[in-house]
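One structure is given here, and the rest of the page talks about it.
The values are calculated or read from the model by the stated rules, or taken from the named source; none is laboratory data. Remember, it's a predicted structure, so these values are computed and weren't measured experimentally. Don't worry about glycine lacking a Cβ; one is built from the backbone with ideal geometry, like all the others, and counts go over all protein chains shown. Calculation scope for accessible area: heavy atoms of the full protein, side chains included, ligands and nucleic acids excluded. Shrake-Rupley method; radii C 1.70, N 1.55, O 1.52, S 1.80 Å.
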Amino acid sequence: MSQKIATSKAPAAIGPYSQAVVVGNMIFTSGQIALDPETGLVTGDNISEQTHRVCKNLDEVLTASGGSLKSAVKTVCYLNNMLDFTAFNEVYAQYFTEKPARSCVAVKELPKGVLVEIDVIAEKE
């Protein structure tokens, strides 16, 4: 049995999906982009600013799910431009201090024209 997660502290889903789903002791987040949870608008003009917002959104979703960024076991990161890889990593490392497994790929386009999207698999704490 799974539990659907929704928190007002992170942006509402912009499609037919849940912010996260908990199955047993595992949390599966949907991808988060740089949306302000209060306005629903994209925040940040560069990869660093947007990555901070994405990580804050993920932290709120994981907290609402019974986990945290520290309980992340795997992330998948989507960058609009691989030239942003170094700047992205500098911000990412501030939040994912336990160094979960990770995939990072460049994609042609992301929702709302954002520069980064991240989804997480984590354990409940």
Restricting attention to region 81-112, the residues that are open to solvent by 60 Å² or more (accessible area, probe 1.4 Å) and within 12 Å of Gln50 (Cα to Cα) number exactly 0
Determine whether Gly31 is farther than 14 Å from Val120 by Cα and either out of contact with any helix residue (DSSP H, G or I) (no Cβ under 8 Å at 6 or more places or on another chain) or in contact (Cβ under 8 Å) with a residue 40 or more places away in the chain (or both).
no
The condition of being of a type in the set (Val, Ile, Thr) and more than 14 Å from the chain's Cα centre (by Cα) holds, among Val73, Val61, Val23, only for Val23
Under 9 Å between Cβ atoms, which residue pairs at least 6 apart in sequence (or on different chains) link something in region 88-115 that is part of a loop (DSSP other than H, G, I, E, B) with a partner that is modelled with pLDDT of 95 or more and among the basic types (Lys, Arg)?
Phe96/Lys70; Phe96/Arg102; Thr97/Lys70; Glu98/Lys70; Pro100/Lys74
Using the structure shown, decide if Asp59 is open to solvent by less than 80 Å² (accessible area, probe 1.4 Å) and at pLDDT 95 or above.
yes
Tell me whether region 3-26 contains one or more residues that are part of a helix (DSSP H, G or I) and surrounded by fewer than 18 Cβ atoms within 10 Å (Cβ to Cβ).
no
